[in-house]
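The values are calculated or read from the model by the stated rules, or taken from the named source; none is laboratory data. None of the values given here were measured: they were computed from a predicted structure. Please note: Cβ atoms are built from the backbone with ideal geometry, for glycine as well, and neighbour counts cover all protein chains shown. Surface accessibility is based on the protein's heavy atoms, side chains included, excluding ligands, DNA and RNA. Shrake-Rupley method; radii C 1.70, N 1.55, O 1.52, S 1.80 Å.
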Amino acid sequence: MTDLQPHRYDRPAAPLSAGARFIRGFARIGSVVALLATLIGIATSIFIAIDKSNSAETSYRSATCLVAMARTGYKFPKKEYSSYPDYSGTGCPGYSYHSYNTISEVTAIADAPAPTFLAGDGPSVLGWGLVITGIVAVVAYLAFWALGWLCAGFTRDA
């Protein structure tokens, strides 16, 4: 029992060459850049998807308000130099979403079911944002790895 010795790892005889250190360093930089691109891309995709969903909900609320006014007999004045109705004096929130829609188009929006995140454009926007984020992260890592590989070719190993 006294002859037990701790395992000692023998270091390789030759340390990494200068080219290998270059590639390893650039690969590490590429990993950090890819991680940052992923974090920023995920946050941006989530923000844009939520904003798109909120815009659809505001547009729907505005359309229902405008249609309620139209059904009570309110006559919308025409815009100056335009054939579209002027919704700005109605008091409805978000009227600018329908600035260039006729009252029949606004009625079609209001008669449709209320938008939700899952039924609207939210998942599509989020999905494409995550796909683009993944592509950017992979390209960033590979670009830095390739740059390290290119620079390693110019090192002089003795």
Membrane-span-like helices (DSSP H runs, Cα span along own axis at least 15 Å, mean Kyte-Doolittle at least 1.6) in the chain -> 122-152
Take the alpha carbon atoms of the chain, find their radius of gyration, then divide it by 2.2 N^0.38 Å using N residues; give the quotient.
2.00
Rounded to whole Å and sorted largest first, what semi-axes of the equivalent ellipsoid does the C-alpha gyration tensor of segment 35-100 yield via the square root of 5 times each eigenvalue?
36, 13, 7
Loop-resident GluC sites (Glu not before Pro) in segment 45-141 with no more than 15 other Cβ atoms inside 10 Å, DSSP not H/G/I/E/B, are Glu80
Calculated FRET value between Lys75 and Tyr100, using beta carbons and R₀ = 25 Å, to 0.05:
0.85
Taking the Cα centre of segment 32-140 as origin, sum charge times position over the Cβ atoms of Lys and Arg (+1) and Asp and Glu (-1), and report the length of that vector in debye to the nearest 20.
180
Extreme residue, positive dipole direction of the chain, given options Trp145, Ser62, Ala114 (C-beta unit charges):
Trp145
Accessible area of the chain divided out per residue, in Å², using a probe of 1.4 angstrom
71
Count neighbours as other Cβ atoms within 10 Å of each site's Cβ, and list the trypsin sites (Lys or Arg not before Pro) in segment 11-118 that are DSSP loop with at most 12 such neighbours.
Lys75
Segment 51-158, accessible surface, carbon-and-sulfur percent (1.4 angstrom probe):
63
